[in-house]
Structures are given as C-alpha cells and as structure tokens.
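Participant: There's a structure below that I have some questions on.
The values are calculated or read from the model by the stated rules, or taken from the named source; none is laboratory data. Keep in mind it's a predicted model, so treat the numbers as computed, not measured. Counting neighbours? That spans all protein chains shown, and the Cβs are built from the backbone with ideal geometry, glycine included.
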Amino acid sequence: MATLERIRNRAGVLVSVVIGLALFAFILGDFITSGGVFFNRSQMEIAEIAGSSISYEEYQARVSENENLQKLFSQQSSLNEQQMLQIREQVWQDLLRANILQPEYKRLGLEIHEDELFDMVQGRNIHPFIRQQFGDPQTGEVNKAFLTNFLQNLDRDPRAKAYWLFIENEIQKDRLFNKYLTLVRKGLGVTSLQTKRAVNDRTSKVNFDYAVASYQSIADSLVKISNSDIKEYYKSHQNDYKQTASRDIEYVVFPILPSESDVRDAESWMQKALPDFIAASDLAQYVTLNSDSKFDSKYYKASELPENVRAWAFSGSVGSLLNIYRDGDSFKASRLVDVKMMPDSVKARHILIGLRGQSAEEREKAKAKADSIMNVLKRGGSWDQLAVKYSDDPGSKDKGGDLGWFPSGMMVPEFDKASFSSNKGDIKIVETQFGFHVLQVVDKGKEEKKVQIATLERKIVPSSYTTSQVYNKAAAFAGNNRDYEKFATAADQNKYTRRVANNLLQNDRSIAGLEQPRELIRWAFRAKKGDVSDVMQFGDNYVVAALTTIREEGIAPLKQVAADVKVRVIREKKAELLMDKVKKAMSGKTDIYAVAQAIGANVEKAENVSFSSLTLPYAGIEPAVIGVASVSSEGKLAGPIKGNNGVFVLTVTSSVKEEGDANAEKYRIANMYQSRSYYEVFEALKNNAGVVDKRYNFY
C-alpha cells in the first residue's frame, strides 16, 4: 500500500484513476468468475450455524478423524456406508453443539477444571462413561489400579492414547452440557396455582349428553366461496402452512434382469465345468476356486435340505454326483463329501485370548498364553478362576467360559468345526478371527446322520451385453423425453409404471424399492420443476426420474396449498350455517332431545370427561367441546359450539369430584419439565441460532 501511495503522489490523479480502474476490474473479474475465491468459499460451505460458516473441508476433516478412530477401535481396514452415515451424523451433531452451546458456556463462565476432570476419571464422582468402559460388568465398580496403570502407559500405545483422548473429550462435553442443563432446570419450578389447576383438571369430571350437526350434513356444492374468501383465510392462517423444503418425483425403473441368452450361458458354463468337478479330489478347494459361492463345511440333517438334494444325499455314497439342476437364479451340481453321525447341538465352554495387535509377535504371545492355560486346565485347573482372570469374552468370562448349548452353524466356521468334531471332555486350542480359544465340549446332544455337500454354483446374471441393452432403453427414454409432460406421456404409452416418491427431504437417504438412491434425492434438490434426470443406476435397476413438485422452506405459497385452504374455507362456511341452525333450534328449548330432533341429530352420551381428556366417544378429538362441558352448569343447554367435526350442543347431567394428590401432581409436572428440558433446551437454542444445512450438496 505504501508503494501504491508513492505512485499516486508522483503520477497524479490520472495514474490513480487508471490504477483504481485496474484494481476494480481485477476484483470484479475475480468476483464474477465461477472459480473465484468468493464463489469457491460459498460453494464449499456445508452449513451456517449461529452465524458461523462451516466449510466442507472442516467438516470432512472431522469425519476423517472419527473414521480413523473407528477403524482403530474396531480393527477394521474400511467402514461400510452405514457406519460412515453414523459418523457423518455424529460429526454434524458435534458441530451443532459446539457452535451453539460453546458461546452459552462462555457467557455463563462454565468450564471444566483439571481437578474436576480428575474427579470424573479417578475420584469420588466417576463419570458413567468411565464406569462403562473400565468398570466391572456385574458391580459397576471401576478398578482404579488398572485404570491408573492404563493412563500411565498411554505413551507406549498410540491406539490406547487416541482412545483415551476421545473418552476424555466426550466426558467433558457431557459434563458441560449437564452443568448448563442443571442451571436451566433450577429455573423450572412448579407453582401452587399450577398444581391446583392441574389437580382440578384431572379430578373434576362431568357426564353429559350432546348432539352434533355434522359438517357432512351439508354438501360442498351447496357452499358458495370466492377467491377473496380463500385469500383472506390463507393470509390469516399462514402459520398453518409452514413447511420444510421437500420434493416430489415420479420415476420409471428399468430392471437389469438376465436374458434367455444369459440363462443359456450359465448352463453352458456348468456343462463345461462338470467333468473337472467330477474329477476333483479336493472338493473344498475346487469349489472355493471355481464356484460363485464358497464351500459350505456345515453338516446337514435331512430336514434342512431341499427335497431333491435330500433324496440324493441320504441314499448315495461319498463321492456321488447330483447332476446339474436349476435352483432359483442359479445352476448347481453337487457331490457328497462326507456322511457322519453327529449331534444336533453341543454344550461348550471356552477361554478367549484375543490378539492385542496384528504382528506375528503378538500372535505368538497369544498362542503361548492359550497353551499355558490349556495345560493348567488339563492338570485340573479351575475354569471359573481362569476364565475370570484371562478370558477376553465379556459374555462368558464370568460364567466359567460357559457358552451353553448351540446348534451347528451358529459359531464361526473354525470354532464350529472344532466343537462338533471333538469328543466330550476334550480340551483343545482353536484359532479364529477373534484370537485363540481354549475349548472344551462339555456335553453333546443325540447323534443323527448328517451329510456334508460340495456344491458348484453358477449364478444367472445379466451379461454386459444385456446390461448395455437395458441402459440403451433407459437412455433413449430419458433422451427423448426431457420435460415432465413428455415423460408422463411416453411412460404411459410404453406401459411403464410411474412410481412416486413424495415429500423427499434434503438429507433423506432412502426411497422404497431403490438401493441407496441418495444421488437421485440430491438431483431432485438441484433440478427445476418439470426436469427429467439422466439415467441413474441403483443396484440392479436403471432409473429415470422427473421432478413434479418443489416445496421451499418457509410459508407454502397459496398456489401450492389452495386445495387445502379451499377445504378449510368450506368447513368455516358450513360452521357459520350450522351455528345459526343450532342457535335457532335451541331458542326457547331446555331439553337436548328436542334440540337434537330439530337439527336432525342423535343424542350421544359422554361419561367421566375431564378438562385434560382428549377425545369424545363417537365424535373424536374435540377439545373445544370438552372445554365447554368442563365449565358448564348441570341441567342447562350449552352451545352452539364449533368443533372439529361439526357444531355441538350439550347438557351436563352430573359432575364428579375425585380425590386428588397435590404433591403427586406437583412431582409429575416437575418430572415432565425435567425430562422435556433435556431435548427442548437444545432445540430452542438451535432454532434461535438459525441453522442452514447444506450437507445435501455434498453427500
């Protein structure tokens, strides 16, 4: 800026103007360019919370951090879509709370002192999350010596340190929110007047007779309304038409199904593979390498097999062949691998030595530990004591490792095979994905004949040619019908079913019948009304959609809700006519039966109705009628009353005053306030802060 000032001073006004214009052009050019900083920043904004802009980079960095933590804790190399959805939602909730609650905490001076943190971890007031993670499942007591040792060794184990930092952060967030909530709850008192009214509303009950002139008694066609009536009603009831942003679509599905040619190809493949299958000596290996489904090591009893397989398997000898047969969407051929007398279920116990890492050294340590435990058990060691001390299976360690009775196929394959092939009382080591198990079969059920079968399967799937043909059909439909009118006409002419998905919200992730249709929902919020999508693929379906309705956030425009407004205006007009009719019928009368006869209605009875009641028998939800009945005098006509379903007239026949407990009622109201505050406090702050959620642009 100093250099610019010197140039201005030397060159005078002309140079200043030239430079000013050049700067303006530079800034303007950057501003209107789609790749400019301003627009990039706006385009990369994923939310605005309490006036603070949240960038996609910030949000995604937190998602990645949580993803890595989840992988670390679960020892998974990758997470599925459902797990990622949960992580993204958790990050979103954390961002909301951080940006909305932190200013409140700061304003009130709420914080966590290091002494308080220590007290939550190792002191007298241990946080429930710490108890859950480090406490005894039976007693809930935390082993403080173990916890102290864990904390002292954090620097030696990066995984443990990351885990602890996560826990520490979570308990501090929870404590701060509970401090804030406590302050709010302290201000939620219940007055004696509230209590008195609540007791009266519950204990003062009335019995009454009523008659109703139903709105349905007047045909809609007899009610005259004008456009000004509709506009006036809409203007005075706009709050009834608040809405969230949503979309309606119609879509046509083009299923990707196998053709007859694909069926013939699958059968031909089976015929060519059959000689090698017959000649194979290691059937498990052959099936694993060549079949569309892996080798099934389970032994089956007769009742568990299809009729055609059962008849062959239980009459044939080991090695015999069940020739090619069609089973649903597959061709199969089977060979009999083994026949055994086996129990239907076994009772077993185990001690699991889990792996502390994935290295060969850790595996050897776990194996050596399991061997030592097995040797102790074989010499008469106590299963109860050793399981409690060493087992990493929380579900059985406190029961001496007892797994109870379980059928074949319930456990992982290695454990299942060992359990059903062992003799009663044998103790052996079994390695599975969970680690090393010291296993003993305690008891076995009644043995029966079972068979093990190797099945070669070729699934009938659409070929690339078939898939491309279906795509071309969908692409032609999408390309030739680029607006909704053409879309609908062409779909009907071709007898395609036009499916409907209504009231889609920005962050919805499902549409019935479609597999993971998130991209279609995102398209619906980018498109204009009447637009037709390009071809999209969801699972085994190609889809072409049209956007039929757009609802923006805020008050729905009259054009959108005109039909509903018209219904309500007609009802208001009917109410005016019926109020006058009932009023005239009541004139000079004291008997409700006479009034009912005059308006052409029946007299119904309502019993034990209190002010806090919600519904009337035979009438439905009628709060206005209940309110009038609760304060009316006995024996007098009350009305006309405009209700939800018609215009009412009533007579209270008797009143009942029940005993009430003011203390219990005060306690009930206080509890209601306490429970509602946990959710409603944050929701009120969120609504006041203003949240603009743009996640739908990115996910």
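Participant: Looking at the range 290-311, which of the residues that are over 38 Å from the mean Cα position of the chain (by Cα) and under 23 Å from SER268 (Cα atoms) is surrounded by the most Cβ atoms within 10 Å (Cβ to Cβ)?
Facilitator: Per the stated criteria, the residue is VAL309.
Participant: Residues that are at pLDDT 85 or above and surrounded by 11 or more Cβ atoms within 10 Å (Cβ to Cβ): list the helices (runs of 4 or more DSSP H) wholly contained in the range 86-158 that include at least 2 such residues. I'd like the intermediate steps shown before the answer.
Facilitator: Working: elements: 114-121, 128-134, 144-152.
Passing ranges, in order: 114-121, 128-134.
Participant: Checking LEU352 against (1) in contact (Cβ under 8 Å) with a residue 40 or more places away in the chain; (2) farther than 30 Å from PHE314 by Cβ; (3) surrounded by fewer than 20 Cβ atoms within 10 Å (Cβ to Cβ), only one condition comes out false. Which one?
Facilitator: The one condition LEU352 does not meet is (3).
Participant: With the requirement that a residue be part of a loop (DSSP other than H, G, I, E, B), surrounded by fewer than 18 Cβ atoms within 10 Å (Cβ to Cβ) and not small (Gly, Ala, Ser), what does the range 393-443 give you?
Facilitator: Residues satisfying the conditions are PRO394, MET410, VAL412, ASN423, LYS424, ASP426, GLN433, PHE434.
Participant: Among (1) exposed (fewer than 15 other Cβ atoms within 10 Å of the Cβ); (2) not in a loop (DSSP other than H, G, I, E, B), there is one condition ASN602 misses while meeting the rest; what is its number?
Facilitator: So the condition that ASN602 fails would be (2).
Participant: Look at LYS473 and say whether it is out of contact with any helix residue (DSSP H, G or I) (no Cβ under 6 Å at 6 or more places or on another chain), under 30 Å from LYS367 (Cα atoms) and surrounded by 13 or more Cβ atoms within 10 Å (Cβ to Cβ). Steps first, please.
Facilitator: Values: out of contact with any helix residue (DSSP H, G or I) (no Cβ under 6 Å at 6 or more places or on another chain): yes; under 30 Å from LYS367 (Cα atoms): no; surrounded by 13 or more Cβ atoms within 10 Å (Cβ to Cβ): yes.
In short, no.
Let's see how each residue does on (1) modelled with pLDDT of 95 or more; (2) hydrophobic (A, V, I, L, M, F, W, C); (3) farther than 12 Å from ALA213 by Cα; (4) assigned to a helix (DSSP H, G or I):
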residue: LYS583; (1), (2), (3), (4): yes, no, no, yes
residue: LYS589; (1), (2), (3), (4): no, no, yes, no
residue: ALA594; (1), (2), (3), (4): yes, yes, yes, yes
residue: SER612; (1), (2), (3), (4): no, no, yes, no
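Participant: Now, a different point. Quick one: what pairs do we get from the range 107-122, first residue farther than 10 Å from GLN172 by Cα, second part of a loop (DSSP other than H, G, I, E, B), C-beta under 6 Å, 6+ apart or different chains?
Facilitator: ASP119/ASN125
Participant: Moving on. Residues that are buried (at least 18 other Cβ atoms within 10 Å of the Cβ), at least 2 per element: which strands (runs of 3 or more DSSP E) completely within the range 619-696 meet that?
Facilitator: Details: elements: 637-642, 646-657, 691-693.
Here the list reads 637-642, 646-657.
Participant: A further question on this structure: I'm trying to understand the selection: among the residues of the range 594-647, which are free of Cβ contacts under 8 Å to residues at least 40 places away in the same chain and in contact with a Ser or Thr (Cβ under 6 Å, 6 or more places away or on another chain)?
Facilitator: Of everything in the range 594-647, those that are free of Cβ contacts under 8 Å to residues at least 40 places away in the same chain and in contact with a Ser or Thr (Cβ under 6 Å, 6 or more places away or on another chain) turn out to be ILE621, ILE626, ALA638.
Participant: Hey, another quick one. When you look at LYS574, is it under 30 Å from GLN238 (Cα atoms), buried (at least 18 other Cβ atoms within 10 Å of the Cβ), more than 24 Å from the chain's Cα centre (by Cα) and among the charged types (D, E, K, R), yes or no?
Facilitator: Details: under 30 Å from GLN238 (Cα atoms): yes; buried (at least 18 other Cβ atoms within 10 Å of the Cβ): yes; more than 24 Å from the chain's Cα centre (by Cα): yes; among the charged types (D, E, K, R): yes.
Spelling it out, LYS574 is indeed under 30 Å from GLN238 (Cα atoms), buried (at least 18 other Cβ atoms within 10 Å of the Cβ), more than 24 Å from the chain's Cα centre (by Cα) and among the charged types (D, E, K, R).
Participant: Now for a separate question. Criterion first (more than 30 Å from ALA476 (Cα to Cα) and either crowded, with 18+ Cβ neighbours inside 10 Å or modelled with pLDDT of 95 or more (or both)) does ALA266 satisfy it?
Facilitator: Details: more than 30 Å from ALA476 (Cα to Cα): no; either crowded, with 18+ Cβ neighbours inside 10 Å or modelled with pLDDT of 95 or more (or both): yes.
Spelling it out, it is not the case that ALA266 is more than 30 Å from ALA476 (Cα to Cα) and either crowded, with 18+ Cβ neighbours inside 10 Å or modelled with pLDDT of 95 or more (or both).
Participant: Now for a different question. Which of the residues spanning the range 71-85 are outside any loop (DSSP other than H, G, I, E, B) and under 17 Å from PRO158 (Cβ atoms)? Give the steps one after another, and end with the answer.
Facilitator: Initially, the range 71-85 is screened for residues outside any loop (DSSP other than H, G, I, E, B), giving 71-74, 81-85.
Matches in the range 71-85: LYS71, LEU72, PHE73, SER74.
Participant: Another question about this same structure. For ILE46, work out the one condition from (1) part of a helix (DSSP H, G or I); (2) modelled with pLDDT of 90 or more it doesn't fulfil.
Facilitator: Here ILE46 clears every test but (1).
Participant: Looking at SER463, SER510, SER533, SER468, which is the one that is surrounded by fewer than 16 Cβ atoms within 10 Å (Cβ to Cβ), among the polar types (S, T, N, Q), under 31 Å from the mean Cα position of the chain (by Cα) and more than 30 Å from ILE230 (Cβ to Cβ)?
Facilitator: Numbers: SER463 fails: under 31 Å from the mean Cα position of the chain (by Cα); SER533 fails: surrounded by fewer than 16 Cβ atoms within 10 Å (Cβ to Cβ); SER468 fails: under 31 Å from the mean Cα position of the chain (by Cα).
Among SER463, SER510, SER533, SER468, only SER510 is surrounded by fewer than 16 Cβ atoms within 10 Å (Cβ to Cβ), among the polar types (S, T, N, Q), under 31 Å from the mean Cα position of the chain (by Cα) and more than 30 Å from ILE230 (Cβ to Cβ).
Participant: Any residue in the range 348-358 that is assigned to a strand (DSSP E or B), of a type outside the set (Ser, Thr, Tyr) and more than 30 Å from GLN385 (Cα to Cα)? Spell out the reasoning first.
Facilitator: Taking the range 348-358 as the starting set, the residues that turn out to be assigned to a strand (DSSP E or B) are 348-354.
Okay, now just the ones that are also of a type outside the set (Ser, Thr, Tyr), so 348-354.
Cutting the leftovers down to more than 30 Å from GLN385 (Cα to Cα) gives us none.
No, there is no match, as no residue in the range 348-358 is assigned to a strand (DSSP E or B), of a type outside the set (Ser, Thr, Tyr) and more than 30 Å from GLN385 (Cα to Cα).
Participant: Can you pull out the residues in the range 401-440 that are free of Cβ contacts under 8 Å to residues at least 24 places away in the same chain and closer than 16 Å to GLN452 by Cα?
Facilitator: GLU414, ALA418, SER421, listed by residue number.
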